[in-house]
Amino acid sequence: MVDLLNKPVQANPFSRPEPDPFFLVIFGASGDLTRRKLIPAVYNLYRQGLLPADFFVIAFARRDNSDENFRHQMFRSIQQFTPAASDGRKSWDQFARHLIYHQANFDDPDGFEALREKIHYLAGQNTTTENCLFYLATQPRYFSVIVQSLADADLSRPAQPGDCWRRLVVEKPFGSDLQSSLELTRQIQEVFSEKQIFRIDHYLGKESVQNLLVFRFANSIFEPLWNKNYIDHVQISVTESIGVENRGAFYEQAGAFRDILQNHIMHLLSLIAMEPPVRLDADAIRDEKVKILRALRPIAPGCVGDEVVRAQYSAGTSGDQLVPGYLEEPGVAADSVTETFFALKAFIDNWRWAGVPFYIRSGKRMPVRITEIGIHFRPVPNVLFNIGKTAPMLPNMLTIRIQPNEGISLQFQAKTPGYEMSIQPLKMDFGYSDSLENAPPDAYQRLLLDALLGDSTLFARSDEVEAAWSFVDPIIAGCSDIALQELPQYSAGTWGPKLADELIIADNRIWTLTRRTKFR
């Protein structure tokens, strides 16, 4: 008999190698993303022993600064945003030696020449290669300028093939519509090949999103049920309790469709609905994601008014505080019709999902911040238990929590103890932080490490971005064509407008969330 408990542990075939020595060049290093996410992510990778001994982070920004002052600023950011990582000053001091500040404008040829010389000098001093990961942490309008400047300075490609590697990380949004996205892709691909481009969306770095593939394809109890024969409908909810904060001017240009639907939700939708890939490599997985996006039934611009709900938050209560409405936020036009909430019903026209509705909603200033995918199974027949006093029974529901408190919940029916046949729904619930020894790493840690290793699985490919925009663009165009004096309003701290409820109630369904009552 095999002793499973004492069976020797096999080497993990999926264990990751250590990255080669590298230069991480962050453009826009004086911005919020760098101090909140990027530097803490690199520092935590360093503390965990996941980086090579030889590496440098070059902070490229337009403001005057020094190496020492920049290091001090970043340590203060570590203390503020990841206090658990700031307990060892010795560790930070060792890490800080790898931080270099470089001041230049994004269109300054001399600044990029100096950058190339700095990389060459540091590589020579440390007898290491000139592997470079360029990270565009700037506003999108600078993307093409920086890429062209890298090309002009001979930084986009190694001097000889095989000498080293050069890669480019591009933050979202990748274009503001299909046409601008295609143009940006054209501009970047004139300098970098598709294999060198890593379009980042932090949602794909979340542990629960990565677990979708394992959950679906490594468990035989779920995959046979993952189709139109057993699933009644799917719900995807992405809600935030905050408003637009100090990003009113940006949000006026973006809106919820561009900010959430085109990227975050399209990624979640494609992963939850895709077919099994033929291999566990980047292109095989992304091939299946693209097929799902291309199978989305288009919502014609003329139908948007009937099939899509848009709204803005008005003044209300968030937590225990009174908060202003969207139109009172700084940087927002008083007559704005930019949506802060949307709800829609989508269909995937393929064999697996034919006729299964996907209800999607997202909004700001809602009661809680939560991202969930709800798989609602078909109800049992109206015989045996689903009749009489025990009817109607709630169908089984599988919920995948993306944030916060990442985990999975399964709702099923059970008999209440006692002398009568009383049935009630119960939940089996697991959270990563509760059930596993290691807390999930921050999404940027995982994605940065993948980019350094050249693994593009969790990054969007150009045809994936194009397919997502092809679905979203007609919706935005249709909304723009509708002449409105104002959008429907929902009070801050509520779950959105009545129209969103009516959208799903019309199909004899309701919005559901299975969030935990307590969050760690």
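General observations
- Looking across Ile400, Ile423, Ile408, one residue alone is more than 19 Å from Leu513 (Cβ to Cβ), out of contact with any Pro (no Cβ under 8 Å at 6 or more places or on another chain) and at pLDDT 70 or above. It is Ile423.
- Among (1) more than 20 Å from Pro21 (Cα to Cα); (2) basic (Lys, Arg); (3) in contact with a Phe, Trp or Tyr (Cβ under 9 Å, 6 or more places away or on another chain), the one test that Arg141 misses: (3)
- Criterion (part of a loop (DSSP other than H, G, I, E, B), under 30 Å from Leu280 (Cα atoms) and either in the same structural domain as Asp110 (by TED's automatic domain parsing) or modelled with pLDDT of 90 or more (or both)) met by exactly one of Pro40, Pro13, Pro52: Pro52
- Residue in region 76-90 that is of a type in the set (A, V, I, L, M), outside the structural domain of Ile146 (by TED's automatic domain parsing), modelled with pLDDT under 90 and loosely packed, with under 11 Cβ neighbours inside 10 Å present: no
- Pairs meeting the criteria (first residue in region 240-257 and in contact (Cβ under 8 Å) with a residue 40 or more places away in the chain, second residue aromatic (Phe, Trp, Tyr), beta carbons under 6 Å, at least 6 apart or on different chains) are Val244/Tyr251; Ala256/Phe342.
- Some residue of region 211-229 being on the phi > 0 side of the Ramachandran plot and touching a residue at least 12 places away in the same chain (Cβ under 8 Å): no
- Gly454 vs. criteria surrounded by fewer than 17 Cβ atoms within 10 Å (Cβ to Cβ) and either among the basic types (Lys, Arg) or touching a strand residue (DSSP E or B) at 6+ places or on another chain (Cβ under 9 Å) (or both): yes
- Taking the criterion of being part of a helix (DSSP H, G or I), in contact with a helix residue (DSSP H, G or I) (Cβ under 8 Å, 6 or more places away or on another chain) and within 22 Å of Glu502 (Cα to Cα), the residues of region 266-306 that qualify are Pro301, Gly302, Cys303, Val304, Gly305.
- Residues of region 112-146 that turn out to be without any contact (Cβ under 8 Å) to a residue 12 or more places away in the chain and not hydroxyl-bearing (Ser, Thr, Tyr), as a count: 5
Residues checked against (1) closer than 27 Å to Trp351 by Cβ; (2) in a helix (DSSP H, G or I); (3) at pLDDT 95 or above:
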| site | (1), (2), (3) |
| --- | --- |
| Val169 | no, no, yes |
| Tyr203 | no, yes, no |
| Leu213 | yes, yes, no |
| Lys228 | yes, no, yes |
| Gln235 | yes, no, yes |
| Ser241 | no, no, no |
| Gly255 | no, yes, no |
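- Tallying residues that are surrounded by fewer than 21 Cβ atoms within 10 Å (Cβ to Cβ) and over 21 Å from Ala443 (Cα atoms) within region 259-282 yields 5.
- Residue, farthest from Gln79 (Cα to Cα), within region 99-126, restricted to residues that are surrounded by fewer than 18 Cβ atoms within 10 Å (Cβ to Cβ) and within 31 Å of the chain's Cα centre (by Cα): Asp107
- Among (1) touching a Cys at 6+ places or on another chain (Cβ under 9 Å); (2) modelled with pLDDT of 95 or more, the one test that Gly305 misses: (2)
The values are calculated or read from the model by the stated rules, or taken from the named source; none is laboratory data. Remember, it's a predicted structure, so these values are computed and weren't measured experimentally. A quick note on method: Cβ atoms are made from the backbone with ideal geometry, for glycine too, and the neighbour counts reach across all protein chains shown.
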